[in-house]
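The values are calculated or read from the model by the stated rules, or taken from the named source; none is laboratory data. All values derive from a computational prediction rather than experimental measurement. Note that we place each Cβ from the backbone using ideal geometry, even for glycine, and neighbour counts take in every protein chain shown. Surface accessibility is based on the protein's heavy atoms, side chains included, excluding ligands, DNA and RNA. Shrake-Rupley method; radii C 1.70, N 1.55, O 1.52, S 1.80 Å.
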Amino acid sequence: MSAPPTGPLTVPERGGRLVALVESVRVRLTFAVSVIFAGALTLASFGLVRQVEGALVNDVKVRNDTVAQALARELAAGNPDILTSADPSQVASGMDRSEAEAIRQGLNESIVYASGPGSAVVSPSTNIFEKIRQVITGEAVPLFSKALPSQIDDQDYVVSRVKVQTVQGDLVLHVASSLEPINRTVDRVQRALFFAVPALVGAVAILAWMMTGRALRPVSAITARARAITSTTLDQRVPEPRSDDEIGQLARTMNAMLDRLESASERQKRFVSDASHELRSPVSSIRLQVETALMHPEQADWEAVGRTVLAEDQRLAGLVDNLLALARIEEGQRGPQSEVDLDDIVHDQLARPLSVAIDRSGVLAGRVYGVRDELTSVVRNLLDNAERHAASAVKVSLSTVGPWVRFCVEDDGPGVEPNLRDKVFERFARLQEARSRDAGGAGLGLALTKRIVETHSGRIFIEDSPLGGAAFVVELPSAELPADDDESVG
Amino acid sequence: MTGHSLVVVLRAAWERRSRQNGAVRVLVVEDEVALADAVVRGLEAEGFEATAVHDGLEGLELARTGGFDLMVLDIMLPGMNGYKVCRTLRDEEVWTPILMLTAKDGEYDEAEALDTGADDFLSKPFSFVVLVARLRALARRRSDANLQPLEFDDLVLEPVSRTVRRGETAIPLSPREFALLEALMRHVGEVVAKTDLLDRVWGEDFEGDPNVVEVYIGYLRRKIDRPFGRNDLETVRGEGYRFGAVSPAAS
């Protein structure tokens, strides 16, 4: 175990952890939810308080108006007694029930007073001097034997005023209600909200923290496992939560990806070992031939050496070509597509020195759309294969039949057992008996050929040849419309 | 500078001298010395006269002298790469047939080689037998080639730039289609036998199905005639093919 990091190393570590914390989805989500909720709740609280206050004030105002108007009406109708009676609704002449109720309540909670020149008329004072003084000084005259507070202003009171004309002159009736009970109620509501809002926000934050924690727990598990998976432990998988949500999908997708990676890595390993084996054998064969010949140059059959070296070199070149082509296809990095005349490729490939006689009288024409290099590999590999396994004869044919170009290479070799026909197209397939390594082995050629044919939307299969061996048949979509009006010369 | 020019002048003089003895002169531009030497030795054994240089610029200067009948040009070269050499020569209207050696390393491809004006290409590693066959074909094509454009009505075939157009429309043809059309247009109004076309276009050693001629005649019709509502390329039953039998005015 190495010593834990000390000194300056720990500082960025801690900073990094803090940043990681702030950047964590859980923290951010909880924070966002709390802030939004707190903001919304605060706004709603302010609205609520104002609404309550407005409604209460309005109620009082309506009641005061009702009281003031009822009293004024009675007064104008010549019924001043109403202002002194203990229960004005009893004395009133034309008052309905709601008015009477409003007056009864209003007189309990409100202060009624009069002002103006005519107020002496309604003054409850029996002392005439007192009445005169009130008129002269313009002092407000309290009614219903209530004391007047020292100051009545619109800040602390809701006041309704009604003007009444009397024989003595105009007077103004005031009905004033203190705002204090309303303010007390509003205060209470505010205080309650002041505690309730933070408590609710806190509860929501905790809930969000818990829920995100629960939702994200599988992510941490996946992260931890994924971090532990390296190229040598590709058999491990991330834990899959049972849920079918995004995280469950993520875990399953990751595991599918790991499956592919694992099999790709497997293939790669097998491929490298097979390819190096395959490359090594011609190289060592060349070296051996030349070395032994050089040891006794005078006895060596140099022509035979040359021929072997050439053959091994061709094998090497074909292998390198195939490896490159395969790598390029696997990487998805292919050459440009164009119209390709397969007959040209076949004639080209047949121009090199061959070890068996090849009947090419069946080679007509076939134009396909594809990558020239790749199609060349197809032709070369099938010819190589036939050449390797033929006893003495190979027949090549090419023709266009309807929408398909059919390319066929037959040999008179031992053929391929029907139950092994799929296996031949596997990479470095090693079939025992006849098609053995000694004859060059299937190597990569047929696997690559199949792959190329399939990327060109074609198919490849093996049949029995009339020559006695195998017939490898490739069918590719024709790039030409079937000829309709081209007459034959005959 | 002067030393270099002197070499060029001397080489050119030598080329002019060797022109007289009839051998096909091949310039091999290839930087891999062992490979170039092997090719030169092989070509000389096959009766060619071969000269090798290992640098693109040197190859360009020698090719400009016009003292060679054929050129084998590698792509990766010091001094100047093969594509540039080829393009420069074609821009300067030097039409020596060029066979390009391409390597399948993914960076360059054969279509590109033909685009720069090369006449043929061969990818490394190549068989010497195939190289010789290709060079012979190139030499044959050029030696009997008349480099004047062939015209029939609005169809024009340029043997030098290997292009075909009808009116203003360029018609891209494959090398085989081009050779077939060229063979037919050299005998406007005459019936050319199928076997003659086979010999001329596919080579006398052709061993495939002779009906390939019909297929290619079909390809050609679909490119030069049908899109233009023409019928210049005719089948003469039992005899062969005739290009331009109907007088242009009649169509």
Can you tell me the dipole magnitude for region A:335-477 around its Cα centre, using point charges on the Cβ only (Lys, Arg +1; Asp, Glu -1), in Debye to the nearest 20?
-> 300 debye
What nm value, rounded to one decimal, do you get for the distance between B:Glu93 and A:Thr185 when each label is placed 7 Å out toward the C-beta?
-> 10.8 nm
Length-normalised contact order of region B:150-250 in % [C-alpha pairs under 8 Å, at least 6 apart] | 27 percent
Reachable lysines, given that their alpha-carbon falls under 22 Å from the alpha-carbon of B:Lys223 and they are not under 8 places away in the same chain = B:Lys194
Heavy-atom accessible surface that A and B bury in contact, both chains counted, 1.4 Å, Å² to 100 = 2800 Å²
R0 = 22 Å: FRET efficiency of A:Ala100 with A:Lys61, Cβ-based, nearest 0.05?
-> 0.70
Can you work out ³J(HN,Hα) from phi for every residue in region A:214-230, in order, using Karplus 6.51 cos²θ - 1.76 cosθ + 1.60 and θ = phi - 60°, giving whole Hz and x for Gly and Pro?
-> 5, 5, 8, 4, x, 5, 4, 5, 5, 4, 4, 5, 4, 5, 7, 7, 10
Which residues, if any, in region A:372-417 have at least 30 Å² less accessible area in the whole protein complex than in the isolated chain, probe 1.4 Å?
-> A:Arg372, A:Asp373
Tell me the label-point distance for the pair B:Glu204, A:Leu354, using the 7 Å Cα-to-Cβ offset, in nm and rounded to one decimal.
-> 2.2 nm
Gain on full stretching of the segment that runs from A:Gln337 to A:Leu234 - 0.36 nm per residue minus C-alpha separation | 33.4 nm
In nm, to one decimal, how far is the A:Arg242 label point from the A:Ala304 one, both placed 7 Å along Cα→Cβ?
-> 7.6 nm
Portion, in percent, of the accessible area of region B:150-250 that falls on carbon or sulfur, probe 1.4 Å | 47 percent
Given a 1.4 Å probe and every protein chain left where it sits, what share in percent of the accessible area of chain A is carbon and sulfur?
-> 58 percent
Taking N as its residue count, the alpha carbon Rg of region A:234-333 over 2.2 N^0.38 Å = 1.88
Compute the length gained on full extension between A:Ala221 and A:Thr455: take 0.36 nm times their separation in residues and subtract their Cα-Cα distance, giving the result in nm to one decimal.
-> 80.2 nm
If all Cα-Cα distances of chain A are sorted into 20 Å bins from 0 onward, what percent lands in each bin, rounded to whole numbers?
-> 15, 22, 15, 13, 10, 12, 10, 2, 0
Considering only lysines 8 or more places apart in sequence, or on different chains, count the pairs in chain A whose C-alpha atoms sit under 23 Å apart.
-> 9
Just from its helices, what would the mean residue ellipticity at 222 nm be for chain A, if runs of 4 or more DSSP H residues each count -39500 (n - 2.57) and the sum is divided by every residue, rounded to the nearest 500 deg cm²/dmol?
-> -18500 deg cm²/dmol
Got a sec to turn the phi values of region A:236-247 into Karplus ³J(HN,Hα) couplings, 6.51 cos²θ - 1.76 cosθ + 1.60 with θ = phi - 60°, whole Hz, x for Gly and Pro?
-> 7, 10, 6, x, 9, x, 6, 5, 9, 7, 4, 6
Angle between the Cα long axis of helix A:97-109 and the longest principal axis of chain A, 0 to 90 degrees, nearest 10?
-> 80 degrees
How long is the gain from B:Leu57 to B:Asn231 if the chain were fully straight, where each residue apart is worth 0.36 nm and the alpha carbon distance is subtracted?
-> 57.8 nm
For region B:223-231, what does the Karplus curve 6.51 cos²θ - 1.76 cosθ + 1.60, with θ = phi - 60°, yield as ³J(HN,Hα) per residue in whole Hz, taken in order and with x for Gly and Pro?
-> 9, 9, 9, 4, x, 9, x, 10, 9
How big is the accessible area of A:Val356 in square angstrom, nearest 10, if you roll a 1.4 angstrom probe over the protein chains?
-> 20 Å²
